[in-house]
1. Given a Förster radius of 22 Å and the C-beta distance between residue 183 and residue 341 as r, what FRET efficiency does 1/(1 + (r/R0)^6) yield to the nearest 0.05?
2. Send over the per residue convex hull volume for the stretch 305-409, Cα only, as a whole number of Å³.
3. Counting heavy atoms of the protein chains only and a 1.4 Å probe, report the per residue accessible area for the stretch 325-409 as a whole number of Å².
4. Taking 0.36 nm per residue of sequence separation and subtracting the Cα-Cα distance, how much length would be gained by fully extending the chain between residue 11 and residue 120, in nm to one decimal?
5. Net charge around residue 281, counting only other residues with Cβ within less than 15 Å of its Cβ (Lys, Arg = +1; Asp, Glu = -1)?
6. Sequence-distant or interchain residues sharing an amide H contact under 5 Å with residue 127, placed H: which?
7. Pairs to check: 212/237; 39/328; 212/295; 124/237; 6/99; 114/212. Give those whose C-alpha atoms are more than 18 Å from each other in this structure.
8. In deg cm²/dmol, rounded to 500, what helix-only [θ] at 222 nm does the chain give when every DSSP H run of at least 4 residues adds -39500 (n - 2.57) and the total is split over its residues?
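The values are calculated or read from the model by the stated rules, or taken from the named source; none is laboratory data. This one's a predicted model, so the numbers in the text were calculated from it and none came from an experiment. Cβ atoms come from the backbone with ideal geometry, glycine included; neighbour counts cover every protein chain shown. Areas reflect the complete protein model, heavy atoms only, side chains present, ligands, DNA and RNA absent. Shrake-Rupley method; radii C 1.70, N 1.55, O 1.52, S 1.80 Å.
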Amino acid sequence: MEQLLKELEKEFNSRFITRGDIIDQYSSSPYLVSPVLSKMGKRILGVVVAEDVEDVRNLLNFCDMHRVPLLARGAGTSTIGQVLPIVPSIVLDIQKLNKTLEYDKYLRISPGVKVLTALNYLRKRGKELQVYPSSFYISTLGGYIAGGDVGIGSYQYGYHFDHDGVRRLTVMGTTGTYELQGKETLAVSQAAGTTGIITEAELSVVDYEDWKDQLIRVDEIGEVVKLLKNLEEDRPKIRRITIEDYETLSLVARGRVIPGRWNVIVSSTKSLGEEVDMRFLDELAFAAIYVTMSKLTGFSRYFYEVRLLSLESFLKVVSQVKRALGPKVLIHGDVMTLRGETIIYTVFISERENFEVIDSIMLREGIPFEIHSLVVNDRVDEEFRLELMKKYKQIVDPHHILNPGKLRT
Ligand SMILES: Cc1cc2nc3c(=O)[nH]c(=O)nc-3n(C[C@H](O)[C@H](O)[C@H](O)COP(=O)(O)OP(=O)(O)OC[C@H]3O[C@@H](n4cnc5c(N)ncnc54)[C@H](O)[C@@H]3O)c2cc1C
């Protein structure tokens, strides 16, 4: 191993780093709050901070030749262990690959461009991304394409890669460089960097509209579901919808709004409820909720689970869970549209021992979305996408050096 590290130093000079504090930093996954996954990390061997695609190519060749695991990393904000090295690896930091940011009908970017930079750039042109993560202020677009799935805009467009969200990708593997178009890009989206390194992407954009955050309070979970059914008619005029129970909104709002028993927060161009200043809304959306709540709840054995539930299942499961645990469980929902159907990304937060009850209630409901798994397979909810990922893995990385252990083939 000593010899290999020496060779990397010779090849990449100061772009290859093995300093202790940097190794510590890149061996960790700072937003991974899962008590299950956090224990599984290994120390990395070193970091290559790529400055151009030649660096990416050379490192791929080197790692393939010596069968050394290679883990791509953007801003490292994954919450599900995608950037957690589970075998000693070389990390490839792609953040400096950020030179391309061009809009001409579509957005063309290098992977290291920050989501926020792209949003600011687009906003000046009256546009925004179809779907983007609630971590937009910290994460990169390359990391979001490879690791993310849902986000702001999912009520209109579903996953970020649905509706032609990702139009084209340039991807480097150990066997060469590939141009993927249309459906082929689904081999890389959500694959956690196991099916190649993205070096360029073309994304769909939509018109920016003046969405207003509005709060609708109701007393019963049944009324939440009725309201969501009615809102389906206004889908094109709604950017996002979240659902919070009293306990969740009280903790996050900290006096900034008065929560009802159940709270439906709608961002829409149409007038639907009380207009509120919801700048803290991003602390609630999708993965942000269990990161935020890990700091706010004070649970001694903090735990959370995610399920994708239809309106019917949401009503059934959440009513039973609340009846069983009352204020001891916090409920958050992000409302999405998947394959034309309203689906709620439902997050349950409680003390770990309460999950026996919660799990027994939701055993057979909804689409399982395993949040405490390192493996991509446990979250991809369409068989054909998973098959595509496995097929491309053989083509792009036949020796399985890219983020090993994250895709079961
Ligand atoms: C507060 C908070 C809110 C969040 N909200 C959301 C959300 O709404 N929706 C959502 O989907 N996620 C969310 N996340 C998770 C995460 O932030 C996003 O998926 C994010 O966009 C990842 O970007 P990153 O630059 O941090 O990628 P990283 O975490 O560095 O990497 C993510 C994955 O992509 C791979 N990767 C990185 N760059 C490349 C590349 N160039 N080529 C190939 N593979 C690459 C990595 O190996 C890893 O597997 C949230 C996280 C936090 C902390």
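1. It comes out at approximately 0.60.
2. Details: hull volume 11.9 nm³, N = 105.
Convex hull of Cα atoms, per residue: 113 Å³.
3. On the way: 3390 Å² over 85 residues.
I get 40 Å² per residue for this part.
4. Details: separation 109, 0.36 × 109 = 39.24 nm, distance 3.66 nm.
Computed gain between residue 11 and residue 120 is 35.6 nm.
5. Numbers: positive: 212, 239, 240, 254, 256, 279; negative: 213, 244, 274, 275, 277, 282, 283, 334.
Surrounding charge for residue 281 is -2.
6. Long-range HN contacts for residue 127: 208.
7. On the way: 212/237 11 Å; 39/328 26 Å; 212/295 28 Å; 124/237 21 Å; 6/99 30 Å; 114/212 25 Å.
Cα-Cα > 18 Å for 39/328; 212/295; 124/237; 6/99; 114/212; rest within.
8. On the way: 12 runs with 119 residues, N = 409.
It comes out at -8500 deg cm²/dmol, rounded to the nearest 500.
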